[in-house]
Structures are given as C-alpha cells and as structure tokens.
1. When the residues of the stretch 77-116 are filtered to those that are of a type in the set (K, R) and not in a loop (DSSP other than H, G, I, E, B), which remaining residue is nearest to F49 (Cα to Cα)?
2. Of the residues that sit in the stretch 13-65 and are open to solvent by 100 Å² or more (accessible area, probe 1.4 Å) and assigned to a helix (DSSP H, G or I), which one is nearest to F83 (Cα to Cα)?
3. Kindly list, by first and then second residue, each pair from a residue in the stretch 7-32 that is free of Cβ contacts under 8 Å to residues at least 40 places away in the same chain to a residue that is in a loop (DSSP other than H, G, I, E, B), limited to pairs with Cβ atoms under 6 Å and residues at least 6 apart or on different chains.
4. Being of a type in the set (G, A, S), over 18 Å from E63 (Cα atoms) and in contact with a Phe, Trp or Tyr (Cβ under 9 Å, 6 or more places away or on another chain) is the requirement here; does A9 meet it?
5. Out of G10, G74, report the one residue that is over 12 Å from the mean Cα position of the chain (by Cα), within 16 Å of S129 (Cβ to Cβ) and open to solvent by 40 Å² or more (accessible area, probe 1.4 Å).
6. For L85, indicate whether it is surrounded by 10 or more Cβ atoms within 10 Å (Cβ to Cβ), within 12 Å of G5 (Cβ to Cβ) and touching a residue at least 60 places away in the same chain (Cβ under 8 Å).
7. Can you pull out the residues in the stretch 117-132 that are over 14 Å from V6 (Cα atoms) and either open to solvent by 40 Å² or more (accessible area, probe 1.4 Å) or assigned to a helix (DSSP H, G or I) (or both)?
8. Does the stretch 69-82 hold any residues that are at pLDDT 80 or above and touching a Leu at 6+ places or on another chain (Cβ under 8 Å), and which are they?
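The values are calculated or read from the model by the stated rules, or taken from the named source; none is laboratory data. What you are looking at is a predicted structure, and each value in this text was computed from that prediction instead of being measured. Quick reminder, even Gly has a Cβ in these numbers, built from the backbone with ideal geometry, and neighbours come from all protein chains shown. With ligands, DNA and RNA removed, areas are computed over all heavy atoms of the protein, side chains included. Shrake-Rupley method; radii C 1.70, N 1.55, O 1.52, S 1.80 Å.
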Amino acid sequence: MRVCGVELAGSDANLALLELDNDMFRLPDCRTRKVSLQKAATAHELKYFQKSFAQLVQDYKIETIVIRQRPMKGKFAGGAIGFKLEAALELLNEVKVIVMPATEIKAALKDSRMFIEFSDTGLKGFQKSAFETALAYMNQHL
C-alpha cells in the first residue's frame, strides 16, 4: 500500500509518501516535497495544480491521498485557497482521497503499534504534518 499524506498550508500542498510492504514502512524517494498553486485566482492555475498532482499519483503509483483536515472556523481555520486545493485533490480520478480530522490522526498515532521517529525519516520539517497524516492512516489500516 502506498499513501501520500498531504498538509495544505497557504497555497502549498506539503506531501510525504509512505509505503507499507511486508509489514515494513518505507519512505519512497519523491521528486518533490510540495506542489504549489502559483496564482490562486485563476482557474488555469488550479487545473495545472490538479494535473501536476495527478501526474505525481500516476508516476509514484499512489493508491490513497490522505489530507489533514483543517478547521472551518477559529484561529487555525483554513483559508479559501486551501479549500480550493482540497477540492482539486478530492476530484482526482483513479485515486482514493480521504480527509482525516486532526483528532483522528492524533488518536491513531497514540494507539499505534508501529511508530517511526520523524527525525529518522530524512524529511524536511515542513513535511512533518503530512508524514504524520500518512502514518496515522497506515496505522489504522494495518
């Protein structure tokens, strides 16, 4: 099973790939750490973002995209651009897309039988939430 964890931050989709093979977690190499929306106001750029992500899904044989859910209201609420990016990802064909609440992610990581220390992954700091999202999903589906 190959999963892409996604955290939407501003006009960026930070991502981390995680694979489960023979009960072992593996972090496959990936050509990009984030996919960005260049000009948020144009439909053309949004379609380009979606097409870029679709190509990533195809190239890396991603089975599931797991997006960390953002609050709709309050101090940490997601912005309009983030919700556009989320919709673009949810409308991708031939890949399962899950939006996972932060509380569910936290619970899955807490109850996990398998854990990977983030500092041992070699990922960048801004990828931590995306990694934890993918790991939480994997732990729920072991």
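1. Going residue by residue through the stretch 77-116, those that are of a type in the set (K, R) are 84, 96, 106, 110, 113.
Among the residues that remain, those that are also not in a loop (DSSP other than H, G, I, E, B) are: 84, 96, 106, 110.
Numbers: K84: 10, K96: 18, K106: 29, K110: 33 Å.
So the residue we want is K84.
2. The qualifying residue nearest to F83 (Cα to Cα) is K47.
3. Listed pairs, sorted by first residue: E19/P28.
4. Values: of a type in the set (G, A, S): yes; over 18 Å from E63 (Cα atoms): yes; in contact with a Phe, Trp or Tyr (Cβ under 9 Å, 6 or more places away or on another chain): yes.
Here the answer is yes, as A9 does meet what is asked.
5. On the way: G74 fails: within 16 Å of S129 (Cβ to Cβ).
Just one listed residue meets the conditions, G10.
6. Working: surrounded by 10 or more Cβ atoms within 10 Å (Cβ to Cβ): yes; within 12 Å of G5 (Cβ to Cβ): no; touching a residue at least 60 places away in the same chain (Cβ under 8 Å): yes.
In short, no.
7. Restricting attention to the stretch 117-132, the residues satisfying the condition of being over 14 Å from V6 (Cα atoms) are 117-122.
Passing the criteria: E117, F118, S119, D120, G122.
8. Passing the criteria: R70, I81, G82.
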